[in-house]
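What follows is a set of notes on a single structure, which appears directly below.
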Amino acid sequence: MAEQIKAELKAVKGMNDLLPPESARWEWFEDKVRALMQRYGYANLRTPIVEPTALFVRGLGEVTDIVEKEMYSFEDAMNGDKLTLRPENTAGVVRAVAEHSLLYDGGKRIYYMGPMFRHEKPQRGRYRQFHQVGAEALGFGGPDVDAELILMCRALWRDIGLTDVRLELNSLGQPEERRAHRAALIAYFEEHRDQLDAEAQRRLHSNPLRILDTKNPAMQALVEAAPRLMDFLGEASLAHFNAVRAVLDANGLEYRINPRLVRGMDYYNLTVFEWVTDRLGSQGTVCGGGRYDYLIEQVGGKPAPAVGWALGVERVLELLKELGAEPPARVADAYAIVPDAQSLGVVTATLEALRATGVSVLMHAGGKDGQGSMKSQFKRADASGARYALVFGSDELAQGMVALKPLRDAGAQQRLLPIGEAAQWASELRNA
């Protein structure tokens, strides 16, 4: 009987494998994020990838694009629960904070990193499984924390060498102010209904604020002349917005007030902001966020103010590539040359002693035919990018020594080091 040919299995479209050496860029970026969060006093929170569908319907809004068209939702066959792969993580963080009463003793500064899922057409910088880093400050109602989070973004851009991003800022005010603006907006667009595209007409009465975010060139003039939310803001909302601006101004951070900036989720109020670029085509938003003082109560927690942001990791790394700002390559400190398999016991013990001190060592791995020639091993050592080769030859081992050969400095001399004192000379490799 002919052997049945099995179909090749591939990753789901828009959900990509992350392979070396590209994964090293991600690790580098994640390390930068962790260091930044520690400097600002933000603690890590990890939530499940799967959440109740109702969390996103209630938190994001039933008429948002995410809820209507993009969520991966399903019914659990075991118990009938309606579940969703998280399309964003602010709602999940708020759910966790409310469920575990994390604000019982005061505000919390939180950050997260991880995959999110949206069913949309994959394109540059936009995938069905994508990754976000987010920072959320919960239980703080003042404009100082709004400004802190925005300044934190600038600090991250500096840490990773990202340029050519600019800050856009707006205020959505409070619900009652938005209701007055919403009524004026509906009346305005009703008068010009013949100029609205199908999507705008669908949103006219359900979510007219999103019409302002249209990308349709034919509607830009109409949108530009629409009533501005800023004109409906009361004294308190304007004071909050101006206080945020004052802190940014004091720190020399340039920004543009964009009265059409509304963000994609329903839960925002007061400050909203985006960091944008012109280098990634239509996917110009690198990071966005704002204040969401009513979301905790919406998901069942005690009322508490909150503000935060999220950035797309793929877009940030893509932008770094576009700018030619590549992170330093990660290479081993040393490569171990092992001519004789009989010496593996001594070799591995020495390498373990070095690794215990923080030295990165890549050991040559032999095959079924032995360790391979010295020439081939040195070729691999050079290709590895390591700064040194550690040569465990029979002559060296007979003296209780290992030869340390510089690979990146043609003028440096090879020398012998005592194997029994590896922990003492390890710093020479580590600090080179």
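The values are calculated or read from the model by the stated rules, or taken from the named source; none is laboratory data. Here the structure is a predicted model, which means the values were calculated and not measured. Cβ coordinates were reconstructed from backbone atoms using ideal geometry, including for glycine residues, and neighbour counts include every protein chain displayed. Areas reflect the complete protein model, heavy atoms only, side chains present, ligands, DNA and RNA absent. Shrake-Rupley method; radii C 1.70, N 1.55, O 1.52, S 1.80 Å.
Residues in the stretch 119-178 that are open to solvent by 40 Å² or more (accessible area, probe 1.4 Å), farther than 17 Å from Val316 by Cα, in contact with a strand residue (DSSP E or B) (Cβ under 8 Å, 6 or more places away or on another chain) and not in a helix (DSSP H, G or I): His119, Phe140.
Based on what the data block shows, is Ala239 open to solvent by 10 Å² or more (accessible area, probe 1.4 Å), over 22 Å from the mean Cα position of the chain (by Cα) and either within 27 Å of Lys69 (Cα to Cα) or at pLDDT 95 or above (or both)? The answer is yes for Ala239. Just one of the listed residues (Arg182, Arg202) is farther than 24 Å from Phe273 by Cβ and open to solvent by 80 Å² or more (accessible area, probe 1.4 Å), and it is Arg202.
Taken over the stretch 213-230, residues that are in a helix (DSSP H, G or I) and either more than 14 Å from Ala183 (Cα to Cα) or without any contact (Cβ under 8 Å) to a residue 24 or more places away in the chain (or both) amount to 10. With respect to Arg380, determine if the residue is in contact with a strand residue (DSSP E or B) (Cβ under 9 Å, 6 or more places away or on another chain), modelled with pLDDT of 90 or more and farther than 19 Å from Met363 by Cβ. It is false that Arg380 is in contact with a strand residue (DSSP E or B) (Cβ under 9 Å, 6 or more places away or on another chain), modelled with pLDDT of 90 or more and farther than 19 Å from Met363 by Cβ.
From the list Leu429, Leu390, Leu404, Leu351, the one residue that fits, being surrounded by 18 or more Cβ atoms within 10 Å (Cβ to Cβ) and touching a Lys or Arg at 6+ places or on another chain (Cβ under 6 Å), is Leu404.
Looking across the stretch 407-426, just one residue is surrounded by 12 or more Cβ atoms within 10 Å (Cβ to Cβ), over 21 Å from Ser343 (Cα atoms) and among the small types (Gly, Ala, Ser), and that is Ala412.
So for the stretch 98-105 (the condition being open to solvent by 20 Å² or more (accessible area, probe 1.4 Å), closer than 29 Å to Pro328 by Cα and not in a loop (DSSP other than H, G, I, E, B)), does at least one residue qualify? Looking for residues that are open to solvent by 20 Å² or more (accessible area, probe 1.4 Å), closer than 29 Å to Pro328 by Cα and not in a loop (DSSP other than H, G, I, E, B), one finds none in the stretch 98-105, hence no.
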